[in-house]
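The structure appears below as structure tokens.
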Amino acid sequence: MTKFGFSQSVRRVEDPRLLKGMGRYTDDIAPPGQAVGYVLRSPHAHARITAIDSAAARAMPGVLAVLTGADLKAAGLGEIPCEVPMKNRDGSDRAEAPRLALATDTVRHVGDPVAFIVAETHAQAKDAAEAVVVEYAILPSATDLATAEKGPPVWPAAPNNVVFDWEAGDKALADRLFKDAAHVSRVNVVNNRIVVSSMEARAALAEFDKATGRFTLHTNTQGSWLVRGLIANKVFHLPEEAFRVITPDVGGGFGMKLFLYAEHVLVCFAARLVGRPVKWASERTEAFLADTHGRDNITLGEIALDKDHKFLALRTRNVANMGAYLSTFAPFIPTLAGSKVLASVYGFQAVHAHVIGMFTNTVPVDAYRGAGRPESNYLVERLIDQAARDLKLDRAELRRRNMVSPAQMPWKTAMGATYDSGDFATVLDAALAKMDWKGFEARRKASAAKGRQRGIGMSYYLEATGGAPSERAEIRFAEDGGVDVLVGTQSTGQGHETAYVMLTHERLGIPMEKIRVLQGDSDAVPSGGGTGGARSLYSEGQAIFATAASVVEKGKNAAADVLEAAVADIEFTPGAGRFAVAGTDRAVGILELASEMRRRGSGQLDAAEEAEIKAHTFPNGCHMAEVEVDPETGMVDILRYIVVDDVGHALNPLIVRGQVQGGVAQGIGQAVLERTAYDPESGQLVSGSFMDYALPRADDLPDIEVELIEIPCATNPLGVKGAGEAGAVGSPPAVINAIVDALVPAGVRHVDMPATPETLWRSIQAAKAA
């Protein structure tokens, strides 16, 4: 029997299966008679479709169907919805961007789906796509966020390409505090567009049962239930029971796999039309054009301080790119999600956020690891560094002076969030000690002697988790002696199975090797909130705790019957997994009891509960980076990177550290490597493959040292705060602050992401010329 308690670094139980090639991903599934779909996409950023001739393609070998937007429209299919209504500052509604799964009269970005070809093989479908003749009247395009307001209209009903003009916070108080401030610092920052690049590309496989009128959709999502609800209710206008959505193993999601996509609709429609299973699987270059992108903001930030260098107020004006269409949650990300953490760990009296969403002729933008919170933290931490430099203050001391203290908890921020716990100064001091911040100047001199410019940077981040307001779990005692735990979240590689096995083992004493976690099947699990916003452990954990409690109550009644005792005399010992009659040696193990009850046919121990998630959590921590810049080439070497995190109770520190390290890797990629570039004339995505889009490689990354300081969350029984997004939130400002610190002696005061060698070299040369 394997026994582990909380806070132990248990190796992931799912890894042997995955490492041995026994994982089952969407593209691995191939039912008999499967046909293959291929999406013909627009080669233009903006154009009217004047004609589509698919006759030659339909006549090609192996072709079963060629679908266009007209076919979907004739069938009465609905639009792919955006689920976030929003009011502008003047009370009017945000702009709309209606889209079917295939364009009908206008394409609005390179990669916009135009036709769907179904054939016996992928090669036949791809060949047929080349025979579809689409005539376009090319229109001017707007692909640059900075100039989109004055660019060609993406949607006629959206003047100046504005999707929404939104604000939050106390503008009057913020303006008054700024007027009376002793000092104001400002920065204008670019949060660069990111191509998500999950290891497993998106895929979808649909089957239609004519007898029952039901669809079965296998697809790699971050929660089957959202996709089922949207595709049934909004697109096909059918009850949700008409769709079974199954999410198998998923190889990375990072927010991008949350959403309903055109391809989900197309394979379902095609499967019903041709009477066979239809699969679509994205090619890698296609993913650059078809998956939602992340970030893409330009933000002006201002911070007001009093004469004692206490933070008074924060003002922001953020221009956020929505792309050509509104993805499922797109307007929520820079507004309600991002603004929630603008006050961060500091005692601002007022914060005012002004966010303008813009249409451009680019791939739609939606949630990417952190979803609005990394953008806000980046702005605040760059702004504080600028204020410290303006005032000639120590960067760490300025932060410490303005941090909310543990004695002030629970703390209600200027943006209305209530922090339940945290000891920010203690975490900061631990990071300073770990990094040897005081000894840095000696290291700077050593680098200077070698002709290198060395810098050190920090960021203190605060994340606000989020997601569905409830979560469900079910525990079933199977006939084979195993125990199935059915969950409403969806692992995309985080280690959920291990965490849930540990929780179930801790509550019921069942050997870990006997516990199986089942997820992703909307028929087997009737509801679920899916995975996003770092919610899974504290949300699903509460549901597992509630369900385990119900199992114990049922078990006490069953044990009283089997052991011939009163229910009040039955005690359960979780560590042993045994029910016993108090004061006697009469006892029965929980698995033995479940088997006996099954044999008797007199009731099971199975239970299901739905937990209400009354509060979300606020992970936080301090990131520090030390870098060297070669002034002759602009090359950056990240010499050391440390994180001190408060993620609350760390159920499995091994998994937590892995999650943080992965997030840091993505943040470093954004900070120094990943540039998404559109040609301003043609609107083409010129960084449309890994030949031109630089993901971080192993030799681009330092060892990422992670230390955990556990300050338990007070709003859930596990004491956990969420760790899935933390690494990606704190890392970009830490790296950029370090690079700026390295270049200040050369006269460079500001650097935007990505800080590529060319960008830094040009900045150094411009500073010399000035």
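Key figures for this structure:
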{"read-out": "Within segment 1-109, strands (runs of 3 or more DSSP E) holding 2 or more residues that are farther than 26 Å from R202 by Cα", "value": "47-53"}
{"read-out": "Residue in segment 96-117 that is among the small types (G, A, S) and loosely packed, with under 14 Cβ neighbours inside 10 Å present", "value": "no"}
{"read-out": "Qualifying positions in segment 715-731 - assigned to a loop (DSSP other than H, G, I, E, B) and crowded, with 17+ Cβ neighbours inside 10 Å", "value": "T715, N716, L718, G719, K721, G722, A723, G724, E725"}
{"read-out": "Cβ pairs under 7 Å, 6+ apart, first in segment 437-453 and farther than 14 Å from E632 by Cα, second hydrophobic (A, V, I, L, M, F, W, C) and in a helix (DSSP H, G or I)", "value": "W437/A396"}
{"read-out": "Condition met for A70 (small (G, A, S), touching a residue at least 40 places away in the same chain (Cβ under 8 Å) and open to solvent by 30 Å² or more (accessible area, probe 1.4 Å))", "value": "no"}
{"read-out": "Residue in segment 239-249 that is of a type in the set (F, W, Y), at pLDDT 95 or above, out of contact with any helix residue (DSSP H, G or I) (no Cβ under 7 Å at 6 or more places or on another chain) and open to solvent by less than 20 Å² (accessible area, probe 1.4 Å) present", "value": "no"}
{"read-out": "Test result for L305, in contact (Cβ under 8 Å) with a residue 12 or more places away in the chain, of a type in the set (A, V, I, L, M, F, W, C) and open to solvent by 20 Å² or more (accessible area, probe 1.4 Å)", "value": "no"}
{"read-out": "Qualifying residue in segment 119-132 (condition: assigned to a loop (DSSP other than H, G, I, E, B), touching a strand residue (DSSP E or B) at 6+ places or on another chain (Cβ under 7 Å) and open to solvent by less than 20 Å² (accessible area, probe 1.4 Å))", "value": "yes"}
{"read-out": "Number of the condition not met by R295 [criteria: (1) over 25 Å from A101 (Cβ atoms); (2) more than 19 Å from the chain's Cα centre (by Cα); (3) among the basic types (K, R)]", "value": "(2)"}
{"read-out": "Cβ-Cβ under 7 Å pairs, at least 6 apart or on other chains, segment 150-169 side farther than 23 Å from V341 by Cα, far side of a type in the set (A, V, I, L, M, F, W, C) and in a helix (DSSP H, G or I)", "value": "N161/A148"}
{"read-out": "Conditions (1) of a type in the set (G, A, S); (2) touching a Phe, Trp or Tyr at 6+ places or on another chain (Cβ under 7 Å); (3) open to solvent by 20 Å² or more (accessible area, probe 1.4 Å); number of the one not met by A448", "value": "(2)"}
{"read-out": "Matching entry among A671, A615, A625 (being out of contact with any Leu (no Cβ under 8 Å at 6 or more places or on another chain) and at pLDDT below 95)", "value": "A615"}
{"read-out": "Scope segment 692-714; condition open to solvent by 30 Å² or more (accessible area, probe 1.4 Å), over 20 Å from Y460 (Cα atoms) and in contact with a Ser or Thr (Cβ under 7 Å, 6 or more places away or on another chain); matching residues", "value": "L695, A714"}
{"read-out": "Residues within segment 721-744 that are at pLDDT below 95 and over 23 Å from T299 (Cβ atoms), tallied", "value": "3"}
{"read-out": "Pair list, Cβ under 8 Å, 6 or more apart: segment 5-31 residue over 17 Å from N652 (Cβ atoms), other residue part of a helix (DSSP H, G or I)", "value": "G23/R17"}
{"read-out": "In segment 530-545, the residues that are open to solvent by less than 40 Å² (accessible area, probe 1.4 Å) and assigned to a helix (DSSP H, G or I)", "value": "S536, Y538, S539, E540, G541, Q542, A543, I544, F545"}
{"read-out": "Qualifying position, being farther than 20 Å from G727 by Cα, open to solvent by 30 Å² or more (accessible area, probe 1.4 Å) and touching a helix residue (DSSP H, G or I) at 6+ places or on another chain (Cβ under 7 Å), among M415, M409", "value": "M415"}
{"read-out": "Those residues of segment 338-379 which are among the basic types (K, R) and surrounded by 24 or more Cβ atoms within 10 Å (Cβ to Cβ), in sequence order", "value": "R369, R373"}
{"read-out": "Pair list, Cβ under 7 Å, 6 or more apart: segment 751-770 residue touching a residue at least 40 places away in the same chain (Cβ under 8 Å), other residue open to solvent by 50 Å² or more (accessible area, probe 1.4 Å)", "value": "P754/R675; T756/R675; P757/T633; P757/M635; W761/T633"}
{"read-out": "Scope segment 746-770; condition of a type in the set (D, E, K, R) and either surrounded by 15 or more Cβ atoms within 10 Å (Cβ to Cβ) or farther than 11 Å from M635 by Cβ (or both); matching residues", "value": "R749, D752, R762, K768"}
{"read-out": "Of residues in segment 82-93 being touching a helix residue (DSSP H, G or I) at 6+ places or on another chain (Cβ under 8 Å) and open to solvent by 20 Å² or more (accessible area, probe 1.4 Å), the one nearest to A131 (Cα to Cα)", "value": "C82"}
{"read-out": "Restricting segment 661-691 to residues that are outside any helix (DSSP H, G or I) and among the polar types (S, T, N, Q), the residue that is least open to solvent (accessible area, probe 1.4 Å)", "value": "S687"}
{"read-out": "Residue in segment 200-227 that is farthest from G493 (Cα to Cα), counting only those that are aliphatic (A, V, I, L, M) and open to solvent by less than 20 Å² (accessible area, probe 1.4 Å)", "value": "A206"}
{"read-out": "Residue within segment 409-424 that is over 28 Å from V190 (Cα atoms) and of a type in the set (G, A, S) present", "value": "yes"}
{"read-out": "Residue among G658, G634 that alone is open to solvent by 20 Å² or more (accessible area, probe 1.4 Å) and outside any strand (DSSP E or B)", "value": "G658"}
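One line per residue, one yes/no per condition, for (1) crowded, with 24+ Cβ neighbours inside 10 Å; (2) not hydroxyl-bearing (S, T, Y); (3) not in a strand (DSSP E or B):
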position: T465; (1), (2), (3): yes, no, yes
position: R476; (1), (2), (3): no, yes, no
position: D480; (1), (2), (3): no, yes, yes
position: Q490; (1), (2), (3): yes, yes, yes
position: T498; (1), (2), (3): no, no, yes
position: I510; (1), (2), (3): yes, yes, yes
position: G528; (1), (2), (3): yes, yes, yes
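Yes or no, residue by residue, for (1) farther than 30 Å from S527 by Cα; (2) of a type in the set (D, E):
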{"residue": "D385", "(1), (2)": "yes, yes"}
{"residue": "D394", "(1), (2)": "yes, yes"}
{"residue": "T413", "(1), (2)": "yes, no"}
{"residue": "V427", "(1), (2)": "yes, no"}
{"residue": "G467", "(1), (2)": "no, no"}
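The values are calculated or read from the model by the stated rules, or taken from the named source; none is laboratory data. None of these values were measured; they are calculated from a predicted model. Cβ sites come from the backbone with ideal geometry, for glycine too, and all protein chains shown count toward neighbours. Side chains are part of the model used for accessible areas, which takes the heavy atoms of the whole protein and leaves out ligands, DNA and RNA. Shrake-Rupley method; radii C 1.70, N 1.55, O 1.52, S 1.80 Å.
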